[in-house]
1. Would you check which residues across the range 140-174 are part of a loop (DSSP other than H, G, I, E, B), within 16 Å of ligand 2 (Cβ to nearest atom) and among the hydrophobic types (A, V, I, L, M, F, W, C) and list them?
2. Take the residues in the range 346-364 that are part of a loop (DSSP other than H, G, I, E, B) and farther than 29 Å from Val116 by Cα, then tell me which one is nearest to ligand 2 (Cβ to nearest atom).
3. Kindly evaluate Leu186 against the criterion of being surrounded by 17 or more Cβ atoms within 10 Å (Cβ to Cβ), of a type outside the set (Ser, Thr, Tyr) and within 16 Å of ligand 1 (Cβ to nearest atom).
4. With on the phi > 0 side of the Ramachandran plot, assigned by TED's automatic domain parsing to the domain that holds Arg299, in contact (Cβ under 8 Å) with a residue 40 or more places away in the chain and away from ligand 1 (no atom under 16 Å from the Cβ) as the only criterion, which of Gly216, Gly224 stands out?
5. Does the range 96-103 include one or more residues that are touching a Cys at 6+ places or on another chain (Cβ under 6 Å) and within 26 Å of Val343 (Cβ to Cβ)?
6. Filter the range 43-58 for residues that are of a type in the set (D, E, K, R) and over 23 Å from Val92 (Cβ atoms) and give the result.
7. For a quick check of your reading of the model, give me the residue pairs whose first member lies in the range 296-321 and is over 17 Å from Leu258 (Cα atoms), whose second is aromatic (Phe, Trp, Tyr) and surrounded by 14 or more Cβ atoms within 10 Å (Cβ to Cβ), with beta-carbon atoms closer than 7 Å and at least 6 apart or on different chains.
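The values are calculated or read from the model by the stated rules, or taken from the named source; none is laboratory data. What you are looking at is a predicted structure, and each value in this text was computed from that prediction instead of being measured. For neighbour counting, all protein chains shown are included, and Cβ atoms are generated from backbone atoms with ideal geometry for every residue, glycine included.
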Amino acid sequence: MSCKGKLLVVEDEKIALKNLLHVLKKEGYEVTGVASGAAALAQIEGQVFDVVLTDLKMEKVDGMQVLKKCRERSAETEVIVITGYATPESAVEAMKQGAFYYIAKPFRLDEVRKVVGEALEKTRLKRENQQLRAQIDGYEGRVKIITQDQSMLRLLEMARQVAPTDCNVLITGESGTGKELFARYLHYNSTRADGPFLAVNCGAFSEQLLANELFGHEKGAFTGALALKKGLIETAEGGTLFLDEVTEMPTAMQVKLLRVIQEREVLRLGGTQAVKADARYIAATNRDMDEMTRGGSFRQDLYFRLNVVNLHIPPLRDRNGDVALLSYFFLKKFAALMKKEVVEISPDALSVLENYDFPGNVRELENVIERGVAINTGGIIELAHLPDNLRELSARSYRKKDGRISSLEEQEQAYIRWVLNEAGGNQTLAAQLLGINRVSLWRKLKTYESL
Ligand SMILES: Nc1ncnc2c1ncn2[C@@H]1O[C@H](COP(=O)(O)OP(=O)(O)OP(=O)(O)O)[C@@H](O)[C@H]1O
Ligand SMILES: [Mg+2]
């Protein structure tokens, strides 16, 4: 299964067939070619292809029948229709019947290459989606961290290893990257999984209230303390206490917490007798704790106690492939929750998502998809279903600040500069990426300079 994709090409014109086979094989695909619709049906019966490219107009069995057969056989196969005659009706009909795309003859080979690549990507995502769903079904109630990014996978492996050790863990990362999710993951993969997982946001309470939450109080400890109240530290016995935004904890309380962690016992407010407190501590912050300890706003000794192991979660924009993967994951989730048949994300919407830098990380993406599903009526999340700030992002480059639509030349210049930048300033590479030769690139750059 190491090939890049399994393709079937159906084309009754010998030369066209030969050309297609040649160019697609060169791309590294596993390609089968047949010269008639009937032969295609036999192939489709026998195996599942990722993508089928079929001529529309053929003797006896035509492309529409090939398309229908594919639809019956496997939901995963994408069909690209090639139409020789200027018959928009038949192309429209093919799209209605579920074709992925239609290419008009005479086709350009680079267009074929591009469309096949996109179709394969769609097939791949669909498969992944199904796998995801299978995993989610199997892990009901458990924590599932979705990713395909290398550094995230390494982080997960590390989490898997420290989970059962009972070490305290410090989880760092920007807002919305999944710190709490990782904390839960650690808990549910530890020997404490049957014990409680309790979370407290150290930044959300006044000092008094936080102390009360964490340490509890004896009856009569202060006015209004009518009964004994156990604190979270005590209640987390046999389980995990998640200290969110731990840097927001007042310094006086940091000393008390340090003592609790070291002695494994806690003194309730107004109490004289310490009680056993055997929790595991997982702390999280989106601030730079190293710097904070150096600056004195966080106690170094407590920092060392909490930071036995550090898991640093990378921001979403630095992860490879996760935006698409998570988009489909959330699409499935919210479609099911809202009982809506939303099954797709249009390629241009997906591309906007992939180019956005998500300051709010996974949480922001989750909200974007939730909204997209909520306001959806047609089953596909399209550009129109994305929030304004994301859509503007995609349109911005086409419209100048004064509202004027930019000219082709301006666009070309901006694009060339962007590619050059992507190529690290390397003109040879940039020219290759642009599909032009180095001399013309150089000439263009010269004109821009003189402008
Ligand atoms: N890899 C992931 N797979 C699936 N869901 C994720 C993933 N990462 C984050 N989420 C989801 O995104 C949301 C935000 O995650 P979480 O609350 O863990 O982030 P956080 O880092 O604690 O954020 P904050 O810093 O704002 O407290 C949650 O709904 C979580 O389930
Ligand atoms: Mg959080």
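1. Keep residues of the range 140-174 that are part of a loop (DSSP other than H, G, I, E, B), which gives 140-149, 166-168, 173-174.
Filter once more, so that each one left must be within 16 Å of ligand 2 (Cβ to nearest atom): 143, 145, 173-174.
If the condition is that a residue be part of a loop (DSSP other than H, G, I, E, B), within 16 Å of ligand 2 (Cβ to nearest atom) and among the hydrophobic types (A, V, I, L, M, F, W, C), then Val143, Ile145 are the ones that fit.
2. Residues of the range 346-364 that are part of a loop (DSSP other than H, G, I, E, B), as a first pass: 346, 356-360.
Now restrict to residues that are farther than 29 Å from Val116 by Cα: 358-360.
Details: Phe358: 16, Pro359: 15, Gly360: 12 Å.
Applying the filter and picking the extreme gives Gly360.
3. Numbers: surrounded by 17 or more Cβ atoms within 10 Å (Cβ to Cβ): yes; of a type outside the set (Ser, Thr, Tyr): yes; within 16 Å of ligand 1 (Cβ to nearest atom): yes.
Yes, satisfied.
4. On the way: Gly224 fails: in contact (Cβ under 8 Å) with a residue 40 or more places away in the chain.
Just a single option satisfies the conditions, and that option is Gly216.
5. To start, the set of residues in the range 96-103 that are touching a Cys at 6+ places or on another chain (Cβ under 6 Å) comprises none.
No, that holds for no residue.
6. First, the residues of the range 43-58 that are of a type in the set (D, E, K, R): 45, 50, 55, 57.
Across the range 43-58, the qualifying residues are Glu45, Asp50.
7. Leu311/Phe182; Ile313/Phe182; Leu316/Phe358; Arg317/Phe358
Conditions tested, residue by residue: (1) charged (D, E, K, R); (2) surrounded by fewer than 16 Cβ atoms within 10 Å (Cβ to Cβ); (3) within 16 Å of ligand 2 (Cβ to nearest atom); (4) modelled with pLDDT of 90 or more.
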residue	(1), (2), (3), (4)
Glu366	yes, no, yes, yes
Ala374	no, yes, no, yes
Gly379	no, yes, no, no
Asp388	yes, yes, no, no
Ala395	no, yes, no, no
Gly403	no, yes, no, no
Glu412	yes, yes, no, no
Tyr415	no, yes, no, no
